[in-house]
Amino acid sequence: MLSRILRRLGWAAVVLWGTTVITFLIVHAVPADPVRVYAGANADAETIERIRSELGFDNPLAVQYGRYVGNLLRGDLGTSLVTGERVLDAILIRFPVTFSLALTAVCLWMLMSVPLGVLTAKYRGRAIDRTVLIVSLVAISLPVFWLARMLQYYLAYRTGVFPVGGFAGWTHIILPAATLALVITGYYARLVHTNMVEVLNADYVRVARAKGIPEYVVLFKHGLRNAVIPVITILGLDMAALMGGVVFTENVFALPGLGVLALQSVFNLDVPMIMGVVLFSAAMVVCANIVVDFVYMWIDPRVEGV
Amino acid sequence: MSGTMGGCGSYFSARTRARTSLVRISLTRINLSRTSLVRIILSRISYACIHNVSTMPDARLLLLLCLAVLFLTGSCSPDARSERLHPEENVLRIAVPSDPRSLDPAIAYDVVTWPLVRTLFHGLVDYDDDLNLVPWHARSWSISEDGRTITFKLRQDIRFSNGRPITSEDFAYSLERILNPATRSPGQGFYRNIVGARAFQNGSADRVSGLRTPDLETLEIELVHPDLPFLYCIAMPFAYAVPREEVERRGDKFGRYPVGAGPFTLAAWQRGTRMRLEKSPSYYRADEIRLEAIELMVGGNETLHMMMFERGELDIASVTSTGIPDADFIRVMKDPELSKRVAQQPLNAIQYLSMNTELPPFDNVNVRRAVNHAIDRRRIVSLISDRGILARGVLPPGMPGFNEALEGYEYDPGKARELLSAAGYPNGFTTELMITAQSGIDTKIGQAVQQDLAAVGITVEIRPVTGPTRIEATGRRGTVPFSTFGWYQDYPDPSNFLDVLLNGDRITEVHSTNVAFYDNERVNALLNEASSSTDQARRLALYQEAERLIVDDAPWVFLYYPQMYLLRQPWLKGLKLNPVWPIRYEMMWIEP
């Protein structure tokens with residue numbers, strides 16, 4: 001078991017190192033000059049060159065990369081060219097917002113999708129099943145930014161039930177989380193549905209019913225518990241992906257999370273910040289993968305580790 | 001309604017059918033108010049829920065529920081429009097799209113941050129509304145006979161917000177700090193004319209020898225060559241006074257924890273979320289400042305800010321140069337209430353297309369003139385809802401030296417075709433126009449130019465790139481033939497447009513600000529003579545002559561001079577726009 005953990009961690013380190021190389025190359029392959037962005041469009045050539053040498057951007061790429069990795073190993077992700085913030089601080093300040101958004105969204109969509117999935121599996125082929133299927137398909141196909149704007153317009157701007165945007169407390173999280181949840185619920189409802197249908201056809205469920213166990217116990221104790229295991233796996237990975245920042249939702253609602261940070265740093269060509277955000281998101285996905293793998297092994301002993 | 005339910009019909013009981021048709025009847029025959037309709041729908045749903053507990057939920061009910069929600073939201077209008085939705089009374093509430101990069105005056109360099117820096121710091125000289133320089137921290141100043149030495153006499157009654165009195169040494173230190181390479185100030189280029197600046201920058205001198213402080217109230221600045229606009233550089237926020245002890249204490253973080261002598265101090269700054277400036281009790285004219293605080297929301301785009309403004313959550317719709325979002329502009333201007341609260345200011349700025357005079361076919365002056373004649377500026381300005389003044393030359397109307405007699409180029413496709421033939425391109429040619437992808441204005445300009453030039457046989461391919469890529473590529477010699485551009489003044493002097501953008505002596509291989517790579521010896525000589533002349537009338541005459549030659553050579557398509565529009569709430573007073581400082585928060589107050 002220990003060697004398995006070590007092997008997984010080793011591979012994680014390799015993946016993250018690969019991420020730094022690829023991001024570094026991409027950022028420097030962009031035909032634009034971060035120093036020029038820093039100095040402003042009105043700066044003259046001499047000013048730009050002086051600032052370049054102060055920032056160390058006049059060194060060969062290999063030297064810059066070596067310095068970057070060296071700092072990284074000491075836990076220093078660098079300083080933003082644009083805001084002068086330390087990159088790690090910037091990420092850690094914004095992480096709680098993204099985390100609470102992701103967590104609220106996950107809770108909302110699980111609360112909606114699990115009952116819908118169970119219900120549609122129970123009444124398979126009936127009107128409720130078809131309606132949920134149609135609504136799910138529509139919801140999955142909705143562009144997030146459009147839905148976000150609609151919710152913002154009707155539920156915040158027109159009625160004032162929720163804040164239009166910004167961040168000053170938990171009420172600001174609800175609409176963005178609902179946007180995400182509405183889009184994703186359909187997908188999870190189908191996921192739960194498919195697994196449930198399979199489980200409800202299993203022999204042990206038939207036995208349970210034959211023994212006269214009440215239907216809700218059959219559904220929730222025998223059925224759902226088994227049907228939800230694969231859903232949890234996917235949920236872990238989705239949650240990790242959300243951690244990397246929910247770019248559209250955060251931007252529409254002006255939530256100060258990682259998605260906004262990522263977008264702004266790309267627009268500003270803020271090299272250290274782009275590197276930091278990408279690395280952080282990659283680390284999130286890698287961690288979630290490891291955690292999900294081990295949790296899965298623990299839940300279901302039949303699964304062998306890689 | 002039932003038609004839409006089609007295939008599901010068999011699932012409905014007769015009872016449900018009856019109920020739905022009841023709703024249909026009430027919809028068509030009785031003229032109901034929305035609220036009562038919603039009430040009926042809701043009662044149908046609750047009836048169904050109570051009486052049908054054992055049967056499966058009804059799809060038609062779901063639809064009804066959706067309808068109910070739609071009617072409910074539709075029937076509520078944003079009635080908060082005329083009320084201020086902000087708990088604090090005399091606090092100005094605004095929003096900016098992203099964090100200012102720094103509040104350090106040596107670093108900040110954009111139109112959103114400068115008005116904030118002005119509220120925190122204090123400078124030697126300032127502008128009045130007619131763009132004259134007026135005493136501020138300096139009681140007076142004098143310029144030596146040869147135009148190379150400027151002597152400022154300073155007020156003695158002003159303190160930093162940490163309590164220490166400000167002396168001439170603080171201003172000398174602040175200027176030296178801009179030139180210090182370690183500060184990485186984007187403004188350093190404005191102050192290299194000070195004697196000893198280069199030696200200091202190269203590390204061969206410890207001090208800038210041209211900055212002298214004979215006593216605590218006198219600051220002398222000696223220049224390498226006479227430079228009238230240098231006083232404007234002193235009025236730029238870069239040169240505002242910073243306290244050495246705080247800068248040394250904070251190091252690189254001074255921009256996050258700024259200490260100055262302005263009417264406000266920074267009370268809070270949560271990156272990416274909010275910033276709060278509070279009135280400084282130690283400000284020497286504190287009784288003139290009527291706002292208690294300025295609360296900034298950080299984040300969101302102009303559309304979101306407009307919604308918040310209309311809900312009464314913001315006091316100014318947008319403080320960026322956009323002012324009022326494109327999508328809302330016409331509605332706002334047609335609204336009798338809102339349009340009364342629009343403030344308008346022509347900016348000392350120009351929107352233009354740069355043609356690279358070193359690259360064919362734009363190396364031919366007739367081609368450049370033809371392009372100028374072929375483009376319908378009037379249509380471009382109408383595409384941006386008339387938020388601009390047609391340009392006939394380089395200098396905007398608010399700029400000293402603006403030449404009303406310049407004729408520019410009339411829209412005349414026939415003449416454009418003739419000029420193209422004369423230039424040897426009777427069938428036109430193909431070129432590429434680089435625009436900024438995120439800019440809506442650039443996209444509109446690009447499409448209009450594409451259509452106009454197609455009419456005279458020139459095929460234009462639009463190449464959208466990010467802002468940073470465009471700036472990098474266009475500044476590189478021999479790279480980009482044709483590109484959109486905007487220029488906003490650093491200070492109100494013709495040199496800031498003509499010298500920086502069109503002086504051939506300023507061409508560099510990379511990072512050139514002369515993006516047309518326009519090099520006319522006669523123009524260069526006129527510009528160089530003007531920049532070292534100390535006679536303002538003579539300077540302006542020289543600049544006008546240079547501009548006339550430039551317009552004739554047509555290195556640019558002179559499009560329009562943008563105007564700024566700000567939309568304020570009725571309770572916000574004291575908003576007076578200024579071409580140099582569009583927004584001056586320190587003059588505003590709230591009056592419910």
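The values are calculated or read from the model by the stated rules, or taken from the named source; none is laboratory data. Keep in mind it's a predicted model, so treat the numbers as computed, not measured. Cβ coordinates were reconstructed from backbone atoms using ideal geometry, including for glycine residues, and neighbour counts include every protein chain displayed.
Once the range A:112-152 is narrowed to residues that are of a type in the set (Ser, Thr, Tyr) and more than 8 Å from chain B (Cβ to nearest Cβ), the residue that is farthest from A:Leu219 (Cα to Cα) is A:Ser141. You will find that of A:Leu108, A:Leu88, the residue that is more than 30 Å from B:Val500 (Cβ to Cβ), within 14 Å of another protein chain (Cβ to nearest Cβ) and part of a helix (DSSP H, G or I) is A:Leu88 and no other. All conditions in (1) of a type in the set (A, V, I, L, M); (2) surrounded by fewer than 20 Cβ atoms within 10 Å (Cβ to Cβ); (3) more than 26 Å from the chain's Cα centre (by Cα) hold for A:Leu200, with the sole exception of (2). A count restricted to the range B:501-524 and to residues that are more than 9 Å from every other protein chain (Cβ to nearest Cβ) and in a loop (DSSP other than H, G, I, E, B) stands at 9. Just so you know, in the range B:269-300 the residues that are more than 21 Å from A:Val260 (Cα to Cα) and hydrophobic (A, V, I, L, M, F, W, C) include one that is farthest from the other protein chains (Cβ to nearest Cβ), and it is B:Ala286. Selection of the range B:179-219 for residues being assigned to a helix (DSSP H, G or I) and touching a Leu at 6+ places or on another chain (Cβ under 8 Å) yields B:Gln188, B:Tyr191, B:Ala197, B:Phe200, B:Gln201. For residues that are polar (S, T, N, Q) and in contact (Cβ under 8 Å) with a residue 40 or more places away in the chain, scanning just the range B:518-542, find the one that is surrounded by the fewest Cβ atoms within 10 Å (Cβ to Cβ). Step by step, filter the range B:518-542, then rank; the result is B:Gln536. Residues in the range B:453-500 that are more than 10 Å from chain A (Cβ to nearest Cβ) and among the hydrophobic types (A, V, I, L, M, F, W, C): B:Leu453, B:Ala454, B:Ala455, B:Val456, B:Ile458, B:Val460, B:Ile462, B:Val480, B:Phe482, B:Phe497, B:Leu498.
Within the range B:448-475, being surrounded by fewer than 18 Cβ atoms within 10 Å (Cβ to Cβ) and among the charged types (D, E, K, R) holds for B:Glu461, B:Arg463.
Quick check, is A:Ile128 free of Cβ contacts under 8 Å to residues at least 40 places away in the same chain, within 23 Å of A:Leu224 (Cα to Cα) and β-branched (Val, Ile, Thr)? Spelling it out, A:Ile128 is indeed free of Cβ contacts under 8 Å to residues at least 40 places away in the same chain, within 23 Å of A:Leu224 (Cα to Cα) and β-branched (Val, Ile, Thr).
Condition check: under 28 Å from the mean Cα position of the chain (by Cα), more than 14 Å from chain B (Cβ to nearest Cβ) and at pLDDT below 90. Does A:Leu61 satisfy that? Break it down stepwise before answering.
On the way: under 28 Å from the mean Cα position of the chain (by Cα): no; more than 14 Å from chain B (Cβ to nearest Cβ): yes; at pLDDT below 90: yes.
Taking the combined requirement at face value, the residue does not satisfy it.
Among the residues making up the range B:337-349, a single one is in a strand (DSSP E or B) and touching a helix residue (DSSP H, G or I) at 6+ places or on another chain (Cβ under 7 Å): B:Val342. Every condition in (1) touching an Asp or Glu at 6+ places or on another chain (Cβ under 6 Å); (2) buried (at least 17 other Cβ atoms within 10 Å of the Cβ) holds for B:Tyr411 except the one numbered (2). Among the residues of the range B:314-336, is any on the phi > 0 side of the Ramachandran plot, in contact (Cβ under 8 Å) with a residue 24 or more places away in the chain and either in contact with a strand residue (DSSP E or B) (Cβ under 9 Å, 6 or more places away or on another chain) or assigned to a loop (DSSP other than H, G, I, E, B) (or both)? Yes, because at least one residue in the range B:314-336 is on the phi > 0 side of the Ramachandran plot, in contact (Cβ under 8 Å) with a residue 24 or more places away in the chain and either in contact with a strand residue (DSSP E or B) (Cβ under 9 Å, 6 or more places away or on another chain) or assigned to a loop (DSSP other than H, G, I, E, B) (or both). Among the candidates B:Val551, B:Val580, the residue that is farther than 30 Å from B:Pro336 by Cβ, in a helix (DSSP H, G or I), touching a strand residue (DSSP E or B) at 6+ places or on another chain (Cβ under 8 Å) and of a type in the set (Val, Ile, Thr) is uniquely B:Val551.
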